[in-house]
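**Q** Pasting a structure below so you can have a look.
Readers should treat all values here as calculations from the given coordinates under stated rules, not as data from a laboratory. None of the values given here were measured: they were computed from a predicted structure.
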Ligand code: 4AD
Ligand code: MG
């Protein structure tokens, strides 16, 4: 007998097959039982009719506990009522392991309880769908950058420098030196761009940020492209094409998952380049017009500000040219103004906040040296980074996209804790 996976069932209508599954849920009457089965690749309904299978097998089916693992055999039947398109008419059940007192029952549970049981919660339909969407975003990311001439480069995780400011670093011992867990691979990616032209990284980053919001993780994954000979505006074009590409890929390849999450896909269909741009100056004016009196020129935006700006558009929006004082040391100044820099944050729609931070980088040696001093950074740790500006320095730009915020937005998840398998949060290192 053919052993297949649930995802391959639509191509096996009429065939008798065997599947390794877990029982997600069940309901039954005296004559018929409906088993909700899952195998990791998908979810399907199994139907078992007492008259057809006999007393003993029917009793086994009725006695199955939630999350029991088993092999089932049966005939694949077309089922036009379900969006998956088929179900299994069960003819045999071989229990592998009977689960006991599975803690996550079909009733509602509180979030802290679910987070304590994250190792099991991952099995549920909604979490399964979000992980599949995360996987599709990762797949489409590699595809996009490979199709566009980028080389994947892996920057180190243990580092001696702090690209995004020194207050949010995880410090650790590196034999008898101090080291930090990477908060961004950017500086190394700049060196790599001078060697390979267009590069991208994809890896974990760490921020010892005492933030407890639905957008903040302590450990998150970032995609960081860096491009030699690319200036500010060209950098934005790559970003909008990339973000549109991943959204369209999810729409195309994760239809069932988006439906299971109840995601309003009309909002995603609209995500096509180009995206609107608004300067920081105009964003401040806009907020004042909307009645936000708490923010002044020179302040960074909080979540309510970003949300108010984003609500004005039906696509992600670039906020460009922030004040030099609220951005990292490496950003290229505006050619006509010394109070703002050539940077942009991309704000996602629907209140998901900043998903990309990017900029043109300083390529002038003296200016960069001055900025390192102004930010009170230890120049010896940045000697190699400065030296890049002495050896054929060129204009270059890049950005970092936060994977979890992007996945949360595309899947419509409330909180980034649901868009990473095992979230590290301010008060959570378990499981
Ligand atoms: O804006 P950030 O801090 O930019 C950088 O790290 C640059 N060095 C990137 C670059 O130009 N190569 O972070 C980039 C993105 C943010 O827009 C956000 O999506 C995500 O990373 N991010 C976080 N995601 C979850 N939890 C956190 N604590 C995050 N901090 C940043
Ligand atoms: Mg940022």
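**Q** In degrees, nearest 10, range 0 to 90: what is the angle between the Cα axis of helix 186-196 and the longest Cα principal axis of the chain?
**A** Compared with the principal axis, the helix lies near 90 degrees.
**Q** Going by Cα centres, segment 217-239 and segment 18-93 are how many Å apart?
**A** With segment 217-239 and segment 18-93 each reduced to a Cα centre, they are spaced 47 Å.
**Q** Turning to a different aspect of this structure: By how many degrees, 0 to 90 and rounded to 10, does the Cα axis of helix 365-374 deviate from the longest principal axis of the chain?
**A** 80 degrees
**Q** Sticking with this one: What is segment 132-276 by shape, rounded, prolate or oblate, if you read a ≥ b ≥ c off the alpha carbon gyration tensor as root eigenvalues and call it rounded for a/c under 1.5, prolate for a/b larger than b/c, and oblate otherwise?
**A** Oblate is the answer for segment 132-276, as a/c is 1.5 or above yet b/c matches or exceeds a/b.
**Q** Cα-based Rg (one decimal) and Dmax (whole number) for segment 118-419, in Å?
**A** In order Rg, Dmax, the Cα atoms of segment 118-419 give 19.1, 56 Å.
**Q** Any idea how far the Cα center of segment 311-354 sits from the one of segment 391-431, in Å?
**A** 18 Å
**Q** In degrees from 0 to 90, rounded to the nearest 10, what is the angle of the helix 280-289 Cα long axis to the longest principal axis of the chain?
**A** The helix 280-289 is inclined about 70 degrees to the chain.
**Q** Name the residue, out of 403, 377, 251, whose mean-square fluctuation peaks in a Gaussian network model built on the chain with Cα pairs under 10 Å.
**A** Between 403, 377, 251, it is 377 that shows the largest mean-square fluctuation.
**Q** Okay, next question. From the Cα gyration tensor of segment 170-234, with a ≥ b ≥ c the square roots of its eigenvalues, which class applies: rounded if a/c is under 1.5, or else prolate if a/b is larger than b/c, or else oblate?
**A** In terms of gyration-tensor shape, oblate.
**Q** Counting only C-alpha contacts under 8 Å and six or more residues apart, can you give the relative contact order of the chain as a whole percent? Present the calculation step by step, with values, prior to reporting the outcome.
**A** Details: 813 pairs, mean separation 58.0, N = 431.
After rounding, I find 13 percent.
**Q** Would you calculate, for the chain, the mean residue ellipticity at 222 nm contributed by helices, counting each DSSP H stretch of 4 or more residues as -39,500 (n - 2.57) and dividing by all residues, to the nearest 500?
**A** Result for the chain: -9000 deg cm²/dmol, rounded to the nearest 500.
**Q** What is segment 238-329 by shape, rounded, prolate or oblate, if you read a ≥ b ≥ c off the alpha carbon gyration tensor as root eigenvalues and call it rounded for a/c under 1.5, prolate for a/b larger than b/c, and oblate otherwise?
**A** Prolate shape, in that a/c is at least 1.5 and a/b is the bigger ratio.
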